[in-house]
Amino acid sequence: MNDKLLEIKDLDINYYTSEGVVKAVNGIDLVINKGETIGLVGETGAGKTTTALGIMRLLQSPPAKIDGGQILIDGQDILKLSEDEMRMVRSDKVSMIFQDPMTALNPVLTVIDQVAEVIEIHQDVTTEESFEKAGEMLEKVGIPKERGKEYPHQFSGGMKQRVIIAIALACNPHLLLADEPTTALDVTIQAQVLDMMRQLKAQFNTSVLFITHDLGVVAEICDKVAIMYAGEIIEFGTLEDIFENTKHPYTIGLFNSIPKIDEDVKVLQPIEGNIADPMNLPSGCRFHPRCNHASKKCKEQLPKSTSIGDEHIVKCFLYETNQKSQQVINYAK
Ligand code: SF4
């Protein structure tokens, strides 16, 4: 049985602007199996949201253009579908929670109108049935049905995000793309929303691509993690691979730059330098201007993805030649 729900192969996405070409996503490969949650982690500008919008085929073109690769959902290459066919894929198979709950809702429609509208468009139901289902969906995300008659401005940030999640899950999609769904929320509401997403995922067996820059959130909700830098996935693995056996110098830098509860650290260690400019990417390894291990080879050649464990993949010359050498492990630690 094929467990692959989403398969991205060698995907390239560029933005063609008057100032030059922004190379946002550069040859990424990614697989999400049925029922799995994968965290897509990286700094702002790493290409995470562009990847998600590419999967939804919601990139504004121009300036955006998918220049190469395949995006397969249930084995079907969605880049070959017509716009009408793609409209049915959205919501039926894949749905997205956008970053900011404050702006994602229509301020002049009641909350239940907005959930019911999605159900009526994508399911073969009457208007009355769509409102009934919308009420049930609101209850599932912890909003009393009666509050559906209210407008978005009458809801708190956390409640608005629940409505967004209700809309995204209204047609029971196989794949949910969650773009920083908790970033705009305070910590207690964030915990509630994460808890609710976990329950809904278990209930509907939905696969999730969880986009975030927050490794703490990843640890709570994800099964596997893809670390993205300058439009490439530079390390991929299970939660244990990434958290307990971190390999890529960039991923190590990310962990060093967050405070640890069990260590008395006076000054955090940020990753020096700035994220690579996608309009003017460095030669060779895109991370070399910020990497303490950069060699002449790193400045000239692009490293390939190397498998260093069952599912652990890293894109770095330190691991290309002798994958299991002690020297390599010492570098990482
Ligand atoms: Fe650093 Fe070289 Fe590895 Fe890039 S390939 S992360 S520059 S050691």
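We did not get these values from a lab; they are worked out from the coordinates using the rules stated. What you see is a predicted model; the values in this text were computed from it and never measured. Glycine also receives a Cβ, built like all others from the backbone with ideal geometry; neighbour counts cover every protein chain displayed.
Values for this structure:
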quantity	calculated
With Cα atoms, 0 to 90° folded angle of helix 127-140 axis to the chain main axis	50 degrees
Of LYS65/LYS304; LYS247/LYS304; LYS140/LYS160; LYS140/LYS224, those spanning more than 18 Å from alpha-carbon to alpha-carbon	LYS65/LYS304; LYS140/LYS224
Proximal aspartates and glutamates relative to LYS4, as straight alpha-carbon distance under 14 Å, when same-chain residues fewer than 8 apart are discounted	ASP29, GLU36, ASP74, ASP77
For peptides 292-303, 254-265, sequence by mean Cβ density within 10 Å, most packed first	292-303, 254-265
Hypothetical label at GLU129: residues of region 155-187 whose amide nitrogen lies under 17 Å (7 Å Cα-Cβ projection)	170-172
Antiparallel DSSP beta bridges within the chain, as percent of all bridges there, nearest 5	65 percent
Efficiency of FRET from Cβ geometry, GLN301 and ASP186, R₀ 41 Å, rounded to 0.05	0.35
Set of aspartates and glutamates near LYS133 by C-alpha distance (under 14 Å), chain-local residues within fewer than 8 positions excluded	ASP113, GLU117, GLU120, ASP124, GLU146
Length-normalised contact order for the chain - Cα pairs under 8 Å, 6+ apart - percent	20 percent
Packing-based ranking, highest mean first, of 220-227, 202-209 given that Cβ atoms within 10 Å are counted	220-227, 202-209
Rounded FRET efficiency, nearest 0.05, which uses the C-beta distance separating LYS9 from GLU139 and R0 of 45 Å	0.70
Extension gain (nm, one decimal) between ASP100 and GLU150, 0.36 nm per residue minus Cα-Cα	16.1 nm
Amide N proximity, region 178-220 versus LYS34 label position 7 Å along Cα-to-Cβ, cut-off under 12 Å	205-207
At R0 = 41 Å, FRET efficiency that the Cβ-Cβ distance of LEU81 and ILE261 yields, to 0.05	0.30
When each of LYS80/LYS315; LYS9/LYS201; LYS34/LYS266; LYS34/LYS296 is checked by Cα-Cα distance, pairs over 32 Å	LYS34/LYS266; LYS34/LYS296
